[in-house]
Each structure stands twice: as structure tokens, then as C-alpha cells.
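Below is one structure, written out as C-alpha cells; the observations come after it.
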Ligand code: GDP
Ligand code: MN
């Protein structure tokens, strides 16, 4: 009976997707990747999979960003593989460097110490530039000024299920501003003072706190401490208007003034998560399930065999992390009293 129900709902869904195909909610949305020339092979693999699973149906443009010039081979090979237009962007130096006021000797001492403590990327300067760029600058690029939503996609990730609907249009139609797939807990040693900086900011600026916010997702004790849950930003779809707005920029500027991108190793994932959890309404945050997403070392794989079959998934559900007890994904649904989308039947088109 369950299977009959499921199949009915699915064919219903497929019908609606077809109706949906009129593209009435299509906007100026793009796929977006920050990548190095040396990652060409991994980028190409990702592009091929994502084209097969999603973009060959929708032909979104794909923008590639780099702190260096892309080389000719990269441009040629990747342009060939993208079904929309490919655009290659050189990031301006001021978006990928130290802001004024950073004590670089102190920053370098921090790197040595974090390296000795075996903190992931603790010794890396470029990783910090990357996290700062992804936190406060990508949305300021001239090339993105007319773009509405972006879908962030990294080299060397997998999409091992078909994505049978236009997620951008879905988000626009349902007033979703931020979408995630995986949710993890952060290594606290990378963000010792991020929580206090954040709470200080929102104490000073209570007008920026959304009414039906997502604070219970990030704090288990009514905002006293951070539970370290964050949306894993290597998979991320979001409204650029949110980032370009006054609220987010006031928050980023405050964080930048604290120097934590360099005196600690603040990641863009916790920064985005804290920002959206405070400043968006929880129902503006959307979970994108059933994509078979993989980014080392975590995988998403639908547990329902019918879904895996319908979506032609090529993944092992036994390896699913999304609903693992260490994952924070369940918490998002539990604390907000949202229905957990274990099956596609919960996706309402
Ligand atoms: P992780 O996901 O935290 O392990 O970090 P990654 O190494 O995957 O970096 C995150 C994203 O930024 C990936 O898309 C990388 O390709 C990109 N990235 C990281 N460092 C650099 C860099 O120095 N230059 C460029 N152009 N891209 C970078
Ligand atoms: Mn990565």
C-alpha cells in the first residue's frame, strides 16, 4: 500500500514538474564555483555529473571564480562541458588578501600554532583568504551584480542521483532564501570567539534578528552557547539579495573588524549558518534532499529504495551521513517542527 501511495504521489509530482516546465519562475540564477587551475580534472568530473543529473535539463550559466587568471586549457575544457554559458572571473586582489588593521605577524604565529595542533588547514594562509572571500566578498563581484540565486558547487564532489525538478524555481516559488544539504558540527578550535562576536553583534542590533528564526538549530541552551551545528557550505543555494542586504553586510563588517578570519580560522560555513539562522525565518531555509551528494568524507544517499530507483541513484544508502546521529540535519527539522523529508513524497511542488 505504501508503495502504491508512493507511486501515486510520484506520478502526481512528475505531472506537476511537467506543468512547472513553463519556466514561469525562472530567474537570473547561476551555478558558481571557486576553483584553482590545478583542480581542472576534479572540476570537470563535477561539471559532467551535475550536467547529467540536473543542468542538461535547465542550462543554467556556470560562473567560475579564481584568485589567479584561469589558463586557456581550463577555460576551453570547462566551457565545452557546461550546457549553459561558462564565465570565468578573476577575483580582485582586495577580495583575497588582508584587510587593513590585521597584524600579520600575529596571524602568522596563529598559523604556526594551529598547524602544530593539527587543525584542518590551520597552517594555511590561502585557506583563510578563501574563507574570508566566501564570507564577505563573492557577492560583491561586479559579474554577480544582476544575479538572483547561486548554487555553489565545488570540484571533486559527486551528485549521484537525478535532480528531477528546478530547485531554483522551487525556491523562488516557495520563498526560500537559503538551501543546504549536509549539516555538521564545526571544530571548535577554529572558531573560539565567533559565537561571542556574533551574540555581541545581535545584542547591539536586535532589529536584525528574524522573528521566527532558526536559533534553536545553533544553540541548545537558549543562545548561551553554540552547539557547533552548521550547514556545510560546499553545497549551498542562496539568494544574493540576502548577502547584498544591509543586515548581512553589517554582520560581516563586524566580524571582519574582529580579525577572526586571521587570528583564528573562521570558516564561511559557520559564518553563513549563524547569519541565516539569526536573520532569516526558519521556513525560508530549505533542505535539498535526495541528490546523492558527496563531498569528502560525507555522503547523502536516499534510504528509500524506490526513490533510489526512480532517481537512478548510484550511491550506497548504508553510507548516508545526512540522517546519521552525528549529523545536524535532523535537528533542523526537530527544533522547527518541520516534517522530515525522508522520502520524495514530502516534497510539495
Ligand atoms: P574544504 O572543502 O574546506 O576542504 O576546502 P577546499 O579545498 O575544498 O576549498 C573550498 C573551495 O575553495 C573549493 O571549491 C576550492 O576549489 C576553492 N579554493 C580553495 N583554496 C583556493 C585557492 O587558493 N584558490 C582558488 N582559486 N580556489 C580555492
Ligand atoms: Mn571542499
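The numbers here are math on the coordinates, done by the rules we state, and not lab data. Every value quoted in this text rests on a predicted model; they were computed, and no experiment measured them. Methodologically, a virtual Cβ is constructed for each residue, glycine included, from the backbone with ideal geometry; neighbour enumeration extends over all protein chains shown.
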Inset, instruction - Could you give log10 I(q)/I(0) at q = 0.14 Å⁻¹ for the chain, computed by the Debye formula over C-alpha point scatterers of equal weight, without solvent? - result: -1.25
Inset, instruction - Calculate how steeply helix 268-279 sits against the longest principal axis of the alpha-carbon atoms of the chain, using the helix alpha-carbon long axis, and give the answer as 0 to 90 degrees to the nearest 10. - result: 80 degrees
Inset, instruction - Any chance you could run the full-extension gain for residue 59 through residue 156? It's 0.36 nm times the residue separation minus the Cα-Cα distance, nm to one decimal. - result: 32.8 nm
Legend entry - Nitroxide proxy distance, nm - points 7 Å out along Cα→Cβ at residue 113 and residue 204: 2.4 nm
Inset, instruction - Could you tell me the distance between the Cα centroids of region 38-63 and region 268-313, to the nearest Å? - result: 18 Å
Legend entry - Separation of the residue 175 and residue 125 label points, Cα + 7 Å toward Cβ, nm: 4.7 nm
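To make sure I understand, if each residue's beta carbon is the centre and we count other beta carbons within 10 Å, what order do 230, 174 fall in, fewest to most?
Listing 230, 174 from fewest to most nearby Cβ atoms yields 174, 230.
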Inset, instruction - Rank by packing, highest mean first: peptides 322-330, 177-185, with packing defined as the count of other Cβ atoms within 10 Å averaged across residues. - result: 177-185, 322-330
Legend entry - residue 142-residue 38 FRET efficiency (beta carbon distance; Förster radius 22 Å; 0.05 resolution): 0.30
Inset, instruction - Calculate, in nm to one decimal, what residue 106 and residue 254 gain on full extension: separation in residues at 0.36 nm each, minus their alpha carbon distance. - result: 51.3 nm
Legend entry - Segment residue 340-residue 81, extension gain: residue separation times 0.36 nm, minus the distance between their alpha carbons: 89.7 nm
Legend entry - the chain: calculated mean residue ellipticity at 222 nm from DSSP helix runs of at least 4, using -39500 (n - 2.57): -11000 deg cm²/dmol
Inset, instruction - Of the DSSP beta bridges with both residues in the chain, give the percent that are antiparallel, rounding to the nearest 5. - result: 45 percent
